[in-house]
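For reference, the structure is listed below as C-alpha cells.
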Amino acid sequence: MGTPVDQLVDLLDLEQIELNIFRGRSPEEELQRTFGGQVAGQALVAAGRTVDGARPVHSLHAYFLRPGVPGVPIVYQVDRIRDGRSFTTRRVLGIQQGRSIFALTADFHQPEQGGIEHQDAMPDVPAPEDLPSALDEVGSRLGELPPFISRRQPFDIRYVDRLRWSKEDLAGVQPRSGSGCAPTGHCPTTR
C-alpha cells in the first residue's frame, strides 16, 4: 500500500486524456465528500503540466463550487489563458459527473533576480524531531484516535507551543495564525 507520502504522490499523478484534459482519481472513502486539498492539489498539477517546468507557481485562487463524490474520477479541463514572457496564467475546472465542482486560477512566474525580501527572522525554536507530532499530542489528550484522523497523514505537523484545550489554556493568549511563526515563538513546523 505504501507510505502516506507515496499515496499522496500517487493521488496527484493525473492521467492525461487529451491536450489540456486530465483525469484524477478520487479514492473511495468513508467520508461524505472528497477532500478539498485533494481537488486543489490535482487541479494545480493539471495546470502545471501545461506550463514550462522552469516556471513555478506564483499564486493561485481556488473556489469550491460543489461537494465532490468519493470514488468518482474528476476531470480537469485546463484553459491556457496567457503565456507571457515572465508570467503564465491557467484556469482549471474540476468536473465530476458532468458538473463543475471546483475552479482554480493559477499564475506561474519565471524566477527573477533581485527584488525586495522582507520577513521576520526565524525565532530560536527546537528542531521538529524534538517536538511531539500534532497527532501524538491530540492522541495523548483524547486517547485512541478515529481511523479517519489517524490514517493517511502525509504531512507531519508539530507545534512549538503546546495545543490549548480549555478556556483556562486560552486565557491571555492572543489569537494568531498557524501558518507562520508569531513573535512569541509559536511556530508550526512541517516536514
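The values are calculated or read from the model by the stated rules, or taken from the named source; none is laboratory data. Please read these numbers as outputs of a predicted model, since none were measured by experiment. Cβ placement follows ideal geometry from the backbone for every residue including glycine, while neighbour counts extend to all protein chains displayed. With ligands, DNA and RNA removed, areas are computed over all heavy atoms of the protein, side chains included. Shrake-Rupley method; radii C 1.70, N 1.55, O 1.52, S 1.80 Å.
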Query raised in the report: What number, in percent, do you get for the relative contact order of the range 35-162 if the mean sequence gap of Cα pairs under 8 Å and at least 6 apart is divided by its residue count?
Result: 23
Query - Translational diffusion of the range 82-131, µm² s⁻¹ [Kirkwood Rh, Cα pairs; Stokes-Einstein; 20 °C; 1.002 mPa s] - result: 137
Requested in this report: Would you mind working out the magnitude of the charge dipole of the chain relative to its Cα centre, with +1 at each Lys and Arg C-beta and -1 at each Asp and Glu C-beta, to the nearest 20 Debye?
Outcome: 780
Query raised in the report: Please identify the GluC sites (Glu not before Pro) of the range 1-92 that satisfy two criteria: DSSP loop assignment and at most 11 other Cβ atoms within 10 Å. Which are they?
Result: Glu28, Glu30
Query - Fraction of accessible area attributable to carbon and sulfur, the range 1-130 (%, probe 1.4 Å) - result: 52
**Report entry** Pairwise centroid distance, computed over Cα atoms, of the range 82-115 with the range 46-71, Å
**Finding:** 7
Query raised in the report: With Rg and the Kirkwood Rh both taken from Cα atoms, where does Rg over Rh land for the range 1-79?
Result: 0.96
Query raised in the report: Per-residue HN-Hα couplings for the range 118-127, Karplus 6.51 cos²θ - 1.76 cosθ + 1.60 at θ = phi - 60°, whole Hz, x for Gly and Pro?
Result: 9, 6, 6, 5, 5, x, 6, 10, x, 5
Requested in this report: Please give the length that would be gained between Asp52 and Asp83 if that part of the chain were fully extended, namely 0.36 nm times their separation in residues minus their C-alpha to C-alpha distance (nm, one decimal).
Outcome: 10.2 nm
Query raised in the report: When the scattering of the range 27-139 is computed by the Debye formula from its Cα atoms alone, each counted once and equally, what is log10 I(q)/I(0) at q = 0.11, 0.18, 0.19, 0.21 Å⁻¹?
Result: -0.55, -0.92, -0.95, -1.01
Report summary line: Result for the chain: accessible area per residue, probe 1.4 angstrom, in square angstrom, of 67
Report summary line: Note to self, the chain gives a 222 nm [θ] from helices alone (DSSP H runs n ≥ 4, -39500 (n - 2.57) apiece, / all residues, nearest 500) of -5000 deg cm²/dmol
Report summary line: Looks like the chain, by Cα gyration tensor root eigenvalues a ≥ b ≥ c and the a/c under 1.5 rounded cutoff (else prolate when a/b is bigger than b/c, oblate otherwise), is oblate
